[in-house]
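Undergrad: I'd like to ask you about the structure that follows.
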Amino acid sequence: MLQTNTLKFSYQNKQVFSFPDIHCKSEETLLILGNSGTGKTTFLNLLALLLNPSDGVLTINNTDTTMLNEKSKTDFRAKNVGIVFQKPYFVNALNVSENLVLANFLGNFPMDKLKAEDLAINLGFDHLMSKKVQELSGGEQQRVCIARALMNNPKVILADEPTSALDDENCQKVADLLEKQSKSIGAALIIVTHDHRLKTRFSNQITL
Amino acid sequence: MLLKIVWKNIWAKKLNSFLCILLMMFGISIISLLINIGNQLQDKFSKNISGIDMVVGAKGSPLQLILSGVYQIDAPTGNIPMSELQSLQMNSLVKQVLPLSMGDNYQGFRIVGTIHPYLKHFEADYAEGVGFKTNMEVVIGSTVAKKLKLKLNDSFASSHGLEKEGEAHGDKKYKVVGILKTNNSVIDNLILCNLNSIWEIHDHENAETHEGEVHEEKQDITCALVKFRSPMGLMTIPRLINQNTQMQAALPAIEINRLFELMGIGIDAFKALAIAIMLISGISVFVTLYNALKERKYEMALMLSMGGKRLVLFLMLMLEGLILSISGFVLGIILSRLGLWLASRMLDQNFNFDLQQNMLQKEEIYLLIAALLVGIFAALIPSLGIYKINISKTLAND
């Protein structure tokens, strides 16, 4: 589903990152480990098409994404990639339910309230749907973010340090949910993390 | 969905939004009120002036002469003998002379002695009854009839002076023989009779107080409205009168221009103030949106990462600014209509002068455009910030 080939990235200051080739099939989970400064987030941004590689090929869902222009890249990302950011970002003026269907709206899909309800029940925050996002706890916010990444049934789910701010119990819960939900929609799951608690949880891993 | 976000964002910043709308509202309402009152004053003033080229009366302030003679709002300058008008009437450049004699009132409405052509000059129509023929018969304007609930054949005693609280002329009573249709001119507020009625009442007074003295027949009038046959009259006659007689001649067109120029300074000052308020409103929209964008940089980056187009988000922010300024405009117009209503009630009580509630004036459309421009410019710079957001950097750094 997702595959890279000699992906390279260089910042303005000529610091060049070369990334190992990775490859992740549908319903599979890949853990990308690395300490700070090894370019974990850069790698994730490349995979999420938020940055453009200086060299190499990134194929998602049989499409060579390096050939896409900016506009089609945005559309492609909205359709194929769900991102769980390290920090739970939301549109603060909207409530939980509205933040979920916002993903549909921005990705040019019909707004699917039923799907949002389903995900909320599966992830256990259906009682919070009409609350403001700021009123939720960190763990709850993280679950809403996961639900949002699933709203458009993407082919790949990218999670950036999804557990770093959570305690052990919530960490296991979130990891379980991510894996289960990705499998249920047949998406490849890629987690970028330095969280050692996850190392034992997923066997398929690569270190930067 | 987009509108919902815009609306919720405005609602989330209630106080800021309220301030923007409030400032815009006051700016708009002050300007709109000035425009409306100014236009209507000018309208009424020029309607009453039309056709009258010159006013002659006792020496004094020319503006006062015009205000009292044409508009019936100021005190008269004094009296002039009727005989002085004779030579004026003979002049071949003069088309018509309309003598007016005032000095009494009934319940605050002026009683004016005149001749029938005065009514004809305003193209007055009778709603009921006929014109005055003999002494002590009066024709009343529509406002007078409405306010004082006077009907045909009612009679009343006048009181001396132009204010309500005058010494009453109790023994002689006027009788209503005609009621005029609404004319939208000064005669709506007048009680009209022939010149003799006025003279009779005051001669009688004189006779009473100065009993035994030899009574001298003296026919005074207050002023006269003059129409010329040609513009030549305008060039020569006023100067002749001012130099050679005890009377003064005043030209309504010039005096009213002077009056509006004097008022204009005040109106301009108010307008400048209102424009300043509107600009402050613009700045407040700017600051609100600018801060909002700073705070919402992450939101914007998030929406961009989820497939939002920059143009759409740009329009979303612009819309926020526009909604604030448009609602300020609408509320401002409503407030100005309310103010107009209040002003109208006040003027009506004090001057028997009312203002119309108008639909949008032409100037108010310009005002709407100005409000939109303020909104657009205030929102433009913050909104353009959307194009500078670097998604990956914004979301990665904290």
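The values are calculated or read from the model by the stated rules, or taken from the named source; none is laboratory data. Quick caveat, the model's predicted, so the values are computed rather than measured. Note that each Cβ is placed from the backbone with ideal geometry, even for glycine, and that neighbours are counted across all protein chains shown.
Undergrad: Give the residues of the stretch A:174-203 that are of a type outside the set (A, V, I, L, M, F, W, C) and under 19 Å from A:GLY82 (Cα atoms), sorted by residue number.
TA: Restricting attention to the stretch A:174-203, the residues satisfying the condition of being of a type outside the set (A, V, I, L, M, F, W, C) are A:176, A:179-184, A:186, A:193-197, A:199-201, A:203.
Selection gives A:ASP176, A:GLU179, A:LYS180, A:GLN181, A:SER182, A:LYS183, A:SER184, A:GLY186, A:THR193.
Undergrad: Hey, does the stretch A:37-49 have a residue that's surrounded by fewer than 17 Cβ atoms within 10 Å (Cβ to Cβ) and within 11 Å of chain B (Cβ to nearest Cβ)? Before you say what the answer is, go through the steps one by one.
TA: Going through the stretch A:37-49, the residues surrounded by fewer than 17 Cβ atoms within 10 Å (Cβ to Cβ) turn out to be A:37-38.
Okay, now just the ones that are also within 11 Å of chain B (Cβ to nearest Cβ), so none.
Checked the stretch A:37-49: no residue is surrounded by fewer than 17 Cβ atoms within 10 Å (Cβ to Cβ) and within 11 Å of chain B (Cβ to nearest Cβ).
Undergrad: From (1) within 14 Å of chain A (Cβ to nearest Cβ); (2) surrounded by fewer than 18 Cβ atoms within 10 Å (Cβ to Cβ); (3) hydrophobic (A, V, I, L, M, F, W, C), pick out the condition that doesn't hold for B:ILE365.
TA: Tallying (1) within 14 Å of chain A (Cβ to nearest Cβ); (2) surrounded by fewer than 18 Cβ atoms within 10 Å (Cβ to Cβ); (3) hydrophobic (A, V, I, L, M, F, W, C), B:ILE365 fails exactly one: (1).
Undergrad: Report, by residue number, each residue of the stretch A:117-140 that is within 17 Å of A:GLN86 (Cβ to Cβ) and buried (at least 21 other Cβ atoms within 10 Å of the Cβ).
TA: A:VAL133
Undergrad: Restricting the search to the stretch A:134-168, which residues are of a type in the set (Val, Ile, Thr) and at pLDDT 90 or above? Spell out how you get there, then give the answer.
TA: The first filter runs over the stretch A:134-168 and keeps only residues of a type in the set (Val, Ile, Thr), leaving A:144, A:146, A:156-157, A:163.
If the condition is that a residue be of a type in the set (Val, Ile, Thr) and at pLDDT 90 or above, then A:VAL144, A:ILE146, A:VAL156, A:ILE157 are the ones that fit.
Undergrad: What about B:LYS4, is it at pLDDT below 85 and part of a helix (DSSP H, G or I)?
TA: no
Undergrad: Regarding B:LEU311, is this residue crowded, with 21+ Cβ neighbours inside 10 Å and within 14 Å of another protein chain (Cβ to nearest Cβ)?
TA: no
Undergrad: Could you identify the single residue in B:ILE10, B:ILE30, B:ILE52, B:ILE35 that is within 14 Å of chain A (Cβ to nearest Cβ) and in contact (Cβ under 8 Å) with a residue 60 or more places away in the chain?
TA: From the options B:ILE10, B:ILE30, B:ILE52, B:ILE35, the qualifying one is B:ILE10.
Undergrad: Kindly check whether there is at least one residue in the stretch A:51-67 that is within 11 Å of chain B (Cβ to nearest Cβ), modelled with pLDDT under 90 and touching a helix residue (DSSP H, G or I) at 6+ places or on another chain (Cβ under 7 Å).
TA: Yes, there is a match, as at least one residue in the stretch A:51-67 is within 11 Å of chain B (Cβ to nearest Cβ), modelled with pLDDT under 90 and touching a helix residue (DSSP H, G or I) at 6+ places or on another chain (Cβ under 7 Å).
Undergrad: Working only within the stretch B:1-11, note down all residues that are of a type in the set (A, V, I, L, M) and closer than 22 Å to A:ASN104 by Cβ.
TA: Result: B:MET1, B:LEU2, B:LEU3, B:ILE5, B:VAL6.
Undergrad: May I pose another question? Given the conditions (1) surrounded by fewer than 18 Cβ atoms within 10 Å (Cβ to Cβ); (2) assigned to a helix (DSSP H, G or I), and given that B:ALA75 satisfies all but one, which numbered condition is not satisfied?
TA: (2)
Undergrad: So which of A:ALA103, A:ALA93, A:ALA78 ends up being over 25 Å from B:LYS13 (Cβ atoms), facing chain B (nearest Cβ under 9 Å) and in contact with a helix residue (DSSP H, G or I) (Cβ under 7 Å, 6 or more places away or on another chain)?
TA: Sole residue among the options that is over 25 Å from B:LYS13 (Cβ atoms), facing chain B (nearest Cβ under 9 Å) and in contact with a helix residue (DSSP H, G or I) (Cβ under 7 Å, 6 or more places away or on another chain): A:ALA78.
Undergrad: When you scan the stretch B:318-341, do you find a residue that is among the hydroxyl-bearing types (Ser, Thr, Tyr) and closer than 17 Å to B:ASN36 by Cβ, even just one?
TA: yes
Undergrad: Next up: Criterion first (among the polar types (S, T, N, Q), surrounded by fewer than 20 Cβ atoms within 10 Å (Cβ to Cβ) and either within 45 Å of the chain's Cα centre (by Cα) or within 13 Å of chain A (Cβ to nearest Cβ) (or both)) does B:SER327 satisfy it?
TA: Yes; evaluated as a whole, the condition is true for this residue.
Undergrad: So which residues in the stretch A:106-116 are surrounded by fewer than 16 Cβ atoms within 10 Å (Cβ to Cβ), more than 8 Å from chain B (Cβ to nearest Cβ) and assigned to a loop (DSSP other than H, G, I, E, B), if there are any at all?
TA: Matches in the stretch A:106-116: A:PRO110 only.
Undergrad: Follow-up. How many residues does the stretch B:340-385 contain that are of a type in the set (S, T, N, Q) and at pLDDT 85 or above? Give the steps one after another, and end with the answer.
TA: As a first pass, look at the stretch B:340-385 and keep what is of a type in the set (S, T, N, Q): B:344, B:349-350, B:352, B:356-358, B:361, B:383.
Adding the requirement that they be at pLDDT 85 or above leaves B:383.
The qualifying residues number 1.
Undergrad: Further, regarding this structure: Counting only residues that are of a type in the set (S, T, N, Q) and not in a helix (DSSP H, G or I), which one in the stretch B:19-72 is farthest from the chain's Cα centre (by Cα)? Spell out how you get there, then give the answer.
TA: As a first pass, look at the stretch B:19-72 and keep what is of a type in the set (S, T, N, Q): B:29, B:32, B:36, B:39-40, B:42, B:46, B:48, B:50, B:61, B:64, B:68, B:72.
So of that shortlist, the ones also not in a helix (DSSP H, G or I) come out as B:50, B:61, B:72.
Numbers: B:SER50: 17, B:SER61: 22, B:GLN72: 15 Å.
Only one residue fits best here, namely B:SER61.
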